[in-house]
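Accompanying notes for the structure given below.
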Amino acid sequence: MLETGMKAPDFSLLDKDGNTVKLSDFQGKKVVLYFYPKDNTPGCTRQACAFAASYEQFRTQDVVVIGISKDSVASHLKFAQKYDLPFILLSDPELQAIQDYGVWQEKKLYGKVSMGVVRTTFIINEQGIIEKVMPKVKPDTNAADILAYLAGEQ
C-alpha cells in the first residue's frame, strides 16, 4: 500500500455520467480519495451517505471528494441518484487505481478467503502528494474523521 509522503498515482477513470476524470485534473486542490467495496451494500451506503451529509463542509474548504469502486458506471449512477450523492464516483472495473493504490487485498469473511477492495481513504495534498493514509476505515465515522483531521484535531 502507498504511504504518507509518496506521490499519488494518477488515474483516468469514468464517472457516473461516463466522463473521464483524472486525479491530475485536481492539481492545486486537496483531494479525499476513498476506495470502497460495492455500491448499495450496507457499509458502503452508510459511508457514502456520511460523505454526502458532510459534503458542504468539504466544499467550503475547497476539498474534492472522490469515491472509487469496481462497480460499473451504470451502478454508480443509480447509487448516486438513489442516495443523492453530490460528490464524484469513479468506476474502476479493470482495477487500475484500486491496484495502484494497493487496496486490492485478501479478505476473510466467515472463514472464507477472497480478494477484494479494503475500505481505505487517502488524503492527497494540493501538489499530488499523499498527506495521510487511513486504512480499514469505519464507514460511519470516515467522513467525520477526515473533517477532524483537516481541522487539525487528529
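The values are calculated or read from the model by the stated rules, or taken from the named source; none is laboratory data. All values derive from a computational prediction rather than experimental measurement. Methodologically, a virtual Cβ is constructed for each residue, glycine included, from the backbone with ideal geometry; neighbour enumeration extends over all protein chains shown. SASA here: full protein model, heavy atoms, side chains in, ligands and nucleic acids out. Shrake-Rupley method; radii C 1.70, N 1.55, O 1.52, S 1.80 Å.
List of remarks:
- When Asp145 is tested against the conditions (1) of a type in the set (Asp, Glu); (2) within 19 Å of Phe58 (Cβ to Cβ); (3) over 16 Å from the mean Cα position of the chain (by Cα), the lone failure is (3).
- Tyr55 within 16 Å of the chain's Cα centre (by Cα), more than 20 Å from Thr20 (Cβ to Cβ), open to solvent by less than 90 Å² (accessible area, probe 1.4 Å) and among the hydroxyl-bearing types (Ser, Thr, Tyr): yes
- Some residue of region 70-89 being surrounded by fewer than 21 Cβ atoms within 10 Å (Cβ to Cβ) and on the phi > 0 side of the Ramachandran plot: yes
- Single residue of Gly128, Gly152, Gly111, Gly116 found to be out of contact with any His (no Cβ under 6 Å at 6 or more places or on another chain), modelled with pLDDT under 95 and surrounded by 14 or more Cβ atoms within 10 Å (Cβ to Cβ): Gly116
- Any pair with Cβ under 7 angstrom, 6 or more apart, that starts in region 3-28 at a residue that is at positive phi and ends at one that is at pLDDT 95 or above and outside any loop (DSSP other than H, G, I, E, B): Gly5/Ile129; Gly5/Ile130; Gly18/Val73
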